[in-house]
1. Grab the alpha carbons of the chain, take their convex hull, and tell me the volume per residue in Å³.
2. Probe of 1.4 angstrom, ligands and nucleic acids ignored: what's the accessible area per residue over the stretch 65-152, in square angstrom?
3. I'd like the carbon and sulfur percentage of the solvent accessible area for the stretch 1-144, probe radius 1.4 Å, heavy atoms only, ligands and nucleic acids excluded.
4. Just add up the charged neighbours of L77: K/R +1, D/E -1, any other residue whose Cβ is under 15 Å from the Cβ of L77.
5. Springs between alpha-carbon atoms under 10 Å, Gaussian network over the chain: tell me which of E34, E80, E131 tops the mean-square fluctuations.
6. How far, in degrees from 0 to 90, does helix 9-60 lean away from the longest principal axis of the Cα atoms of the chain, to the nearest 10?
7. With bins 5 Å wide starting at 0, give me the P(r) of the stretch 94-152 over every alpha carbon pair, in whole percents.
8. By how many nm would the segment from A86 to E117 grow when fully extended, if each residue of separation counts as 0.36 nm and the alpha-carbon distance is taken off?
Amino acid sequence: MARFIFRPQPALDLRRREEEAAQLAVSAARVVSERAAQFFADAQAAFEAGSARAAALDAAGGSITDVIWHRNWIRSLRRELVRTEANAEDRRVQLEAAEQALLVARERVKALERLKERAVAAHQERERREEQRAMNDLATLRFAIRQRSEPS
């Protein structure tokens with residue numbers, strides 16, 4: 001019985017390593033994206049709390065210095081909110097790109113695995129046919145020997 005050799009096996013191994021690297025990249029991108037989303041949520045909460053505090057100070061009629069300080073503070077909170085929102089969006093886009101790269105890598109691996117499955121099936125079919133041919137030859141040989149050894 002001949003040993004099966006899948007010639008593109010090195011390519012399949014390479015594509016599997018690429019898929020594993022893509023999976024790691026997706027995991028890392030997911031962590032970074034979740035962290036950025038959490039920073040955005042924290043900045044949003046801080047902005048809302050600061051706005052509520054500034055509104056309460058305005059209602060209480062604080063000094064003009066306090067009002068100006070709070071306005072500047074709210075502006076800095078708003079800038080931080082915009083910055084963290086943009087960062088979270090960038091990280092989300094990077095996560096989507098990493099997920100898309102993983103899908104492509106998986107498809108490339110699956111394509112070679114299907115090719116390997118078909119090659120194995122073809123090899124097994126060839127082996128089965130060769131075995132059947134050998135069995136037929138043996139049966140023919142036995143029949144011929146019996147025919148010669150039997151008296152007519």
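1. 109
2. Accessible area per residue: 80 Å².
3. Here carbon and sulfur together make up 56 percent of the probe-accessible area.
4. That sum, taken over residues with Cβ under 15 Å, equals +2.
5. The residue that fluctuates most here is E131.
6. 20
7. The distribution over the stretch 94-152 is 4, 15, 9, 11, 8, 8, 8, 6, 7, 5, 5, 4, 3, 3, 2, 1, 1, 0, given as percents.
8. Full extension of this stretch gives 6.5 nm more.
The values are calculated or read from the model by the stated rules, or taken from the named source; none is laboratory data. This structure is a prediction, so every number in the text was calculated from the model and none was measured. Methodologically, a virtual Cβ is constructed for each residue, glycine included, from the backbone with ideal geometry; neighbour enumeration extends over all protein chains shown. We work out accessible area using only protein heavy atoms, side chains counted, and drop any ligands, DNA or RNA first. Shrake-Rupley method; radii C 1.70, N 1.55, O 1.52, S 1.80 Å.
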